[in-house]
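Working notes, beginning with the structure itself.
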Amino acid sequence: RERASVRIAIVTGEYPPAQGGVGDYTHELALALARLGHDPHVVSGVLASSMSAPHTADVPVHRVVSHWNWSCWRDIRSISRQLRPELLNIQYQASAYGMHPAINLFPWRNRSSDGLPVVTTFHDLRVPYLFPKAGLLRWQAVLALARWATGVIVTNPEDELTLTAVGLPTPVRRVPIGSNIAPRPPAGYDRDEWRARWRVGRGELLLGYFGFLNERKGGEMLIDVLAALADKDIPTQLLLIGGQVGSSDPTNAAYARRVEQRIAEHGLELSVHRTGFVTPEEVSASLLATDVCVLPYSEGASLRHGSLHACLAHGCPIVTTQPSVKTPELRDGDNILLVETGDLMAMVEATVRLWHDLTLRRRVGDGASRLAEEFTWDRIAARTADFFAELVL
């Protein structure tokens, strides 16, 4: 039978115009839920004075949370009484909430008061900051967010294994994320002209990297790959696509400075180009302009990464690191090339293979496009809505 329409309040610590994958995910999910006939409302923080809200009002956004500290309980409960949702969905990533544990304990506080069903979507399992030497208490704060929720959504097999291993009383459902960037370049897009703006010639290899620079994504190794290709006399340039630090995680800025230092150490200033934070259409055009995307995740590739999904959606030939747990969707030599984490020369050799073997490059790119079809937002929203309906009907 058809599922009834559900009014959903989606709580998120970041939302456009703030830069960040959680905010982009929430926006795409809300749009897709609305297309399915549901009634999503986004609940987020007040905008910083330096930001202005997007002109589009495609989904209702309630910017009512003044700070993501203990006062957020009051703000969320107040807007819930106004909206009267059937379910509240917390989009969780610790950095999106300023590393404060208040949101972690909201399901417990909520259950002891009005009992509104709460579903937590974990984008990762990073712990919040409590106080110096808090140790295991930080992990207990993450578990509280899962244990006291009515249901839990995880986006990848790693987090699913971790949470199910602790014996949660809460049902856990895995629902993947998708690409926040559709393959839609600007009208009249010409690949050669787009590459020319970065002074990339026809015979040059253009590496692409999309996403913020942080330690878990291997930015320094990325620069080392570029340097090694230069040492092999392969004419190579690197395009860093999108904003480099984001709005939520302050550690990104410090790591970006380390990457800049690595660029200077190798003398690669003229070989590295940056788009900065640009429109989705410009991101799409830049991804389509690359020859190989190099994503040297230091913890292994994961389907939790929106940057990986964006590269897949654009049919980019991708070189990345072996997932930390079995991820059958990623098939080495078919839709991606996988190397061992931390193995610089293996990553360089895989990149060279793709560059020299056009047939392999096309096969891997076509495989990436086919895989991306499994992660459309309509499919993601349908699976999410089914889980919600199981909990509230």
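The values are calculated or read from the model by the stated rules, or taken from the named source; none is laboratory data. Everything numeric here is computed off the predicted structure, so don't read it as measured data. Positions of Cβ are generated from backbone atoms using ideal geometry, with glycine treated the same way; all protein chains shown enter the neighbour counts. When the accessible area is computed, the model is the full protein with side chains, heavy atoms only, and any ligands, DNA or RNA have been set aside. Shrake-Rupley method; radii C 1.70, N 1.55, O 1.52, S 1.80 Å.
Values for this structure:
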{"read-out": "Residue in the range 198-208 that is over 22 Å from residue 318 (Cα atoms) and open to solvent by 20 Å² or more (accessible area, probe 1.4 Å) present", "value": "yes"}
{"read-out": "Residue in the range 1-38 that is modelled with the lowest pLDDT, counting only those that are of a type in the set (Asp, Glu) and open to solvent by 20 Å² or more (accessible area, probe 1.4 Å)", "value": "2"}
{"read-out": "Restricting the range 363-393 to residues that are over 23 Å from residue 10 (Cβ atoms) and of a type in the set (Lys, Arg), the residue that is least open to solvent (accessible area, probe 1.4 Å)", "value": "363"}
{"read-out": "Residue 183, sole failed condition from (1) more than 23 Å from the chain's Cα centre (by Cα); (2) open to solvent by 20 Å² or more (accessible area, probe 1.4 Å); (3) modelled with pLDDT of 95 or more", "value": "(1)"}
{"read-out": "Elements of type strands (runs of 3 or more DSSP E) in the range 236-330, at least 1 residues being among the charged types (D, E, K, R)", "value": "272-276"}
{"read-out": "Selection count, the range 79-113, where residues are open to solvent by less than 10 Å² (accessible area, probe 1.4 Å) and not in a helix (DSSP H, G or I)", "value": "6"}
{"read-out": "Any hit, the range 275-288, residues being touching a strand residue (DSSP E or B) at 6+ places or on another chain (Cβ under 7 Å) and more than 27 Å from residue 380 (Cα to Cα)", "value": "yes"}
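Residues checked against (1) surrounded by fewer than 21 Cβ atoms within 10 Å (Cβ to Cβ); (2) modelled with pLDDT of 95 or more; (3) not hydrophobic (A, V, I, L, M, F, W, C); (4) not in a helix (DSSP H, G or I):
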{"position": "334", "(1), (2), (3), (4)": "yes, yes, yes, yes"}
{"position": "342", "(1), (2), (3), (4)": "yes, no, yes, yes"}
{"position": "346", "(1), (2), (3), (4)": "yes, yes, no, no"}
{"position": "355", "(1), (2), (3), (4)": "yes, yes, no, no"}
